[in-house]
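Colleague: Please find one structure pasted underneath; my questions will follow.
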Amino acid sequence: MTTKPKAKKFRIRRTTGATVPPVERDETQPAARSGARVLNAMEQLALDGTEDGFPAEGFATAGRGAVAGAGRVPVRDGAVESPAEVAADQEIAAIRREGLTGRQLRMARRVAQKHGLPATSDFDAVRLLRRAGIDPFLQANMLELVSADGRPPQAREDQVKLPQTVPNKQSLPSTRVMDIAERAKSVIEIQRDIARRRRRKLALLFTRLAFFVLLPTLMAGYYYYQIATPMYATKSEFVIQKADGGGASGLGSLFAGSGLATSQDSITVQSYLTSRDALLRLDSELGFKAHFQAPEIDPIQRLTPDASNEDAYEVFKRNVKIGFDPTEGIIKMEVIAASPEMSAAFSEALIRYAEERVDNLTQRLREDQMAGAVESFREAEEKRAAAQAAVLQLQQEMGVFDATSDASAVMSQINTFEVQLGEKRLQLEQLLDNARPNQARVEGVRGDIRRLESLIESLRAKLTESGGTAGTGESLAQISGQLAVAQSDLETRTILMQQALQQLESARIEANKQTRYLEMGVHPVAPDRPTYPRAFENTVLAFLVFAGIYLMVSITASILREQVTG
């Protein structure tokens, strides 16, 4: 926002003469240029006697003529307003800009009238009251406005007074006009100043870049090219295979032969090869710590003589890189050492550790499955043998090979004897139908009937009553029931033994399917040229890292500076 310059007003009245009256101006105005100035056409037209429609005495406005009795100077032809009048007009203009309400202006007019101040307008009343040290907007009692003797009351010392207006002492803009040469000189100076500031900022920028980016990059490049010890990397690839299972079905057959079937074993082997256990075995067999404590290795990569296992583990993780491809199930391993022979030896040792770990992954599971199946089969076999011995013992004790066949034989005898008994009864009835039957034959037939009935009863008693079987004291029905129970138990134990045998065979098949073995895809071969350090790539990477850090820090500092200053 641009504020307009404040300047005092000078009003010039036209005179009847042809000469220009002297102009009254403030002492603070800059001095005019030396020499007489030539009047232009408009000024000549204003100075001649041509009628322009304005009265010679001017118009009666506020502060002219009508208020001459209030201490104002009457307007004179060709006269210039005094600085006091101009200051009053400026004060009234400032009061107008305050945005006073109509109620405040009416109150100021009433207060000015009570105090006998010659105000020509509401704004003039406010100006006069402030010059008199009276607050025009003070909420006072109407009785306090006029004293008992009719004179305006005097301002009290404790009365609130507004701050007095301060005359504007700002000087007007200079009337001096710059010529083309001065303007060009000023523009050149500004351009030189801008160029000088730009050069200074660029110099500071290059200094910061050189200190925070270029110098660390040069130090890193010097290390990679001159100090870093050449390292040899041996690469190898292997995959964990699973024994083929002919009976696989469902989802098992869907993922069989893919990397997903052995992904868990591969991840386990990868974790083991990067563990502290593998480090300790490698150090105890091949001296991993002693190899990296050799004096020919540079100080940054070398282990200290009193290095702990944790320090050695950090070096181990940095020099043994193992990756796993889950889609193909391939484990890729890279082993870095100070000599190609030790690099290959470390790689072969780690592969041997991986094979042992793969063998141990399912060994306990296979052993547990086989042990459980064998134990179940042995127990089922023992119980079947006991049931078979119980059946044999019953057969020996009862003297019966098969209770069912013996009962069938007895029942057949009973049926035969019952048929004969029926025939004898018919024969007896036939004999008794004679008027004079033969008693001898009748008694003989009756004797046969009694004998058949007794035999049938004895046979039936042998089947149902105790003591029917000689030497056992038990009936044939009891013997048949005991033998049936023993034979049923024998059949059940036989079925359980068959199921246990099937489980044993299934466990043996699963144990064979769970067998894991490690198959080499790329065998470890000792390199003949150093693999690390990659001096150029590492130097460029260091430059990018330092440049990124500097950029982030500078942007953060600029944002913080803007937030603080804003």
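Colleague: Just to verify a number: FRET efficiency for Ala535 and Glu355, C-beta to C-beta distance, R0 = 51 Å, to 0.05?
Modeller: Numbers: r = 37 Å, r/R0 = 0.73.
With a Förster radius of 51 Å, E is 0.85.
Colleague: What nm distance separates the two modelled labels at Thr492 and Ser263, each placed 7 Å from Cα along Cα→Cβ?
Modeller: Placing both labels 7 Å beyond Cα along the Cβ direction yields 4.8 nm.
Colleague: Okay, moving on. So, with +1 on the Cβ of K and R and -1 on the Cβ of D and E, and no other charges, what is the size of the charge dipole of region 269-340 about its Cα centre, to the nearest 20 debye?
Modeller: 60
Colleague: Round to a whole angstrom and tell me the spacing of the C-alpha centers of region 81-143 and region 491-507.
Modeller: Cα centres, region 81-143 to region 491-507: 122 Å.
Colleague: Then there's this: Which FRET efficiency value, to the nearest 0.05, is calculated for Phe206 and Ile297 with the Förster distance at 41 angstrom and r the Cβ-Cβ distance? Could you put the intermediate results ahead of the total?
Modeller: On the way: r = 38 Å, r/R0 = 0.92.
Once the sixth-power term is evaluated, E becomes 0.65.
Colleague: Mind ordering 524-534, 425-435 by average Cβ neighbours within 10 Å, highest first?
Modeller: Packing order, densest peptide first, comes out as 524-534, 425-435.
Colleague: A further question on this structure: Quickly rank 266-279, 297-310 as a protection proxy: mean count of other C-beta atoms within 10 Å, highest first. Let's see the in-between values first.
Modeller: Details: 266-279: 17.3, 297-310: 12.5.
Top to bottom by mean Cβ count within 10 Å: 266-279, 297-310.
Colleague: Then there is this: Take each of the peptides 338-351, 441-454, average the number of other beta-carbon atoms within 10 Å over its residues, and list them starting from the highest.
Modeller: 338-351, 441-454
Colleague: Using the basic label-point model (7 angstrom from Cα toward the beta carbon), what is the Ser458 to Leu215 distance in nanometres?
Modeller: About 13.3 nm separates the two model spin labels.
Colleague: Hey, got the dipole for region 89-128? About the Cα centre, +1 on K and R Cβ, -1 on D and E Cβ, debye to the nearest 20?
Modeller: Numbers: 8 positive and 5 negative charges, 53 e Å.
Approximately 260 debye in magnitude.
Colleague: For region 519-566, what are Rg and Dmax over the alpha carbons, in angstrom?
Modeller: Calculated on Cα positions, Rg and Dmax stand at 22.0, 68 Å.
Colleague: Give me the distance in nm between label points sitting 7 Å out from Cα along the Cα-to-Cβ direction at Arg196 and Val553, one decimal.
Modeller: A separation of 3.1 nm, rounded to one decimal place.
Colleague: So what's the gap between the Cα centers of region 317-357 and region 543-561, to the nearest angstrom?
Modeller: Using only Cα atoms to place each centre, the spacing works out to 39 Å.
Values quoted throughout were computed directly from the atomic coordinates according to the rules given, and no laboratory measurement underlies them. Values in this document were obtained by computation on a predicted structure and should not be read as measured data. Every residue, glycine among them, receives a Cβ derived from its backbone with ideal geometry; neighbour counts consider all protein chains shown.
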